[in-house]
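The values are calculated or read from the model by the stated rules, or taken from the named source; none is laboratory data. The structure presented is a predicted model; accordingly, all values stated were derived computationally and were not measured. Don't worry about glycine lacking a Cβ; one is built from the backbone with ideal geometry, like all the others, and counts go over all protein chains shown.
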Amino acid sequence: MRFNEKELVFLSRQPSEMAAELGMKGHKKGDVIKRRLVKLVVNFLFYFRTDEEEPMGALLLEQCRVDREDRQSFSITFLDEAERKYLFECDSEEQCREWMDSIIKASYEFMRKNLIFYRTEIHRLTGKDPLEQYGISDETRFQVSNGLQMTSGETSSL
Amino acid sequence: MKLHKKILTHYLSCTSPVDKEGYLYKKKRTATYQRRWFVLKANLLFYQERPADRHLLGVIVLEGCAVRRSECDGQFAFSLVFEGEGLKTYRFAAADGQTQESWLKALLTASHCYLSLLVRDLTRQYEEAQQLECSGESHHSSSVPALRQPSSTFLCPAQGSSTAVRDSRSFSSSNILQAQNRAAAKKSPKLWLRRNAHVTPINGPAPQYGEWPLVGSDPLEEFSKLHDYYGQEVKKVRAEWLRGRERAEVAELIDLS
């Protein structure tokens, strides 16, 4: 499967607040923890060898689960049949919490659910669909049925 | 760089709905067009030969690109222009004006950055709407759907912004308006600067000039301006399509059924 590699590498170079050297362990049985520069950009987690400019790899942060492993470590498990798990070791409990939080919130699907929630709530509170002013109220990606389970009473006017 | 493709293919095939799919013509380097089946999900544009195919030919990650009508490439043509040295432009053509318009709109609203700004804007509107509600109507909280969590979580949709996570005032409209006053957009709002907006701490100082990958405007602009620009593009496309419809004889349409 082809992909726009140059453009993705360019994306990995964009400024990001969530960029730090962490311990990272791959999913394979023999994998050991290595220090990597880990960087979160949009819904991708890039990881670099600490002295290199081009990333080693990119993980799409969709359909995955973030778990606390111990006080300073967390893991990301991708929910395909293989259930591949990547482990990350942070330098502090706080850093661990920040990374877990950021990764969860970086997911496009998570943001979509938020959007749909706010859209519905704003409509309920004000009687207006906030997406109408932007001319995007009928875009498929923003529809109530797309993300959030709602009771029939709340969806009737959207 | 290794892209963990199984994650992408799993995401594509999982139960969440796709945002758009259909046939488009993709221009090869040799300037001929090939019909491909495209599937848009989140900020990813997948393509394959036919809808039923299990084999994916490729994926285009839709971050940092401008979506442009490109009639110079032919009828119903449009392109994804990745801005940056050595980066590609993907050229497409739709079978008719309606398909073109529909894809333009879907692609314009597909990026993570766009969604991020939209969520921020709606968060602000939600807070304002809540404040306007009478404080006495406390029974409303019990009817809120299960997704709702402690408010600090939902006040911080921006990515990785640690100061914003702790400070719920980050997303007040006054901050956004202040940033807008500093801004002077010289380039297309679809370029990288827009994307940077949501990784910058709103309450913190803007990074040094040299850190931004592109020259030009302030990282954060008022969302409605961004929408106006997109809206103009879409309106333009639509107006021209309508004019074309009035003028033209019946064109030969490719039967996609």
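Could you check the range A:53-93 and list, in sequence order, the residues that are assigned to a loop (DSSP other than H, G, I, E, B) and within 19 Å of the chain's Cα centre (by Cα)? Selection gives A:PRO55, A:MET56, A:LEU61, A:GLU62, A:GLN63, A:LEU79, A:ASP80, A:GLU83, A:ARG84, A:CYS90.
In the range B:59-82, which residues are in contact with a Cys (Cβ under 9 Å, 6 or more places away or on another chain) and in a loop (DSSP other than H, G, I, E, B)? If the condition is that a residue be in contact with a Cys (Cβ under 9 Å, 6 or more places away or on another chain) and in a loop (DSSP other than H, G, I, E, B), then B:GLU63, B:GLY64 are the ones that fit. Residues in the range B:24-46 that are out of contact with any Cys (no Cβ under 9 Å at 6 or more places or on another chain) and either of a type in the set (Lys, Arg) or at the interface with chain A (Cβ under 9 Å from one of its Cβ atoms) (or both): B:LYS26, B:LYS27, B:LYS28, B:ARG29, B:ARG35, B:ARG36, B:LEU40, B:LYS41, B:ALA42, B:LEU44, B:PHE46. Checked against (1) out of contact with any strand residue (DSSP E or B) (no Cβ under 7 Å at 6 or more places or on another chain); (2) part of a loop (DSSP other than H, G, I, E, B), A:GLU98 passes all but a single condition, namely (2). For the range B:24-43, the set of residues classified as out of contact with any strand residue (DSSP E or B) (no Cβ under 6 Å at 6 or more places or on another chain) and closer than 23 Å to B:CYS113 by Cβ consists of B:LYS41, B:ALA42, B:ASN43, listed by residue number. Test A:ARG49 against the stated conditions and say whether it is modelled with pLDDT of 95 or more, surrounded by fewer than 19 Cβ atoms within 10 Å (Cβ to Cβ) and away from every other protein chain (no Cβ under 13 Å). No; evaluated as a whole, the condition is false for this residue. The set of residues from the range A:1-47 being charged (D, E, K, R), in a strand (DSSP E or B) and within 16 Å of the chain's Cα centre (by Cα) comprises just one member, A:LYS39. The sole residue among B:GLU21, B:GLU49, B:GLU83, B:GLU101 that is of a type in the set (Asp, Glu), within 13 Å of another protein chain (Cβ to nearest Cβ) and under 15 Å from A:ASN4 (Cβ atoms) is B:GLU83. Being at pLDDT 90 or above, more than 9 Å from every other protein chain (Cβ to nearest Cβ) and either buried (at least 20 other Cβ atoms within 10 Å of the Cβ) or over 28 Å from A:ALA58 (Cβ atoms) (or both) is true for just one of A:PHE88, A:PHE117. Which residue is that? Result of the check over A:PHE88, A:PHE117: A:PHE88. Any residue that is touching a residue at least 40 places away in the same chain (Cβ under 8 Å), acidic (Asp, Glu), part of a loop (DSSP other than H, G, I, E, B) and farther than 29 Å from A:PHE46 by Cβ - is there at least one of those in the range B:83-105? Within the range B:83-105 (the criterion being touching a residue at least 40 places away in the same chain (Cβ under 8 Å), acidic (Asp, Glu), part of a loop (DSSP other than H, G, I, E, B) and farther than 29 Å from A:PHE46 by Cβ), the answer is yes, since at least one residue qualifies.
The residue list A:LEU22, A:LEU37 contains one member that is in contact (Cβ under 8 Å) with a residue 60 or more places away in the chain and away from every other protein chain (no Cβ under 13 Å), which is A:LEU22.
Looking only at residues that are of a type outside the set (Gly, Ala, Ser) and surrounded by fewer than 20 Cβ atoms within 10 Å (Cβ to Cβ) in the range B:69-79, which one is nearest to the other protein chains (Cβ to nearest Cβ)?
B:ARG69
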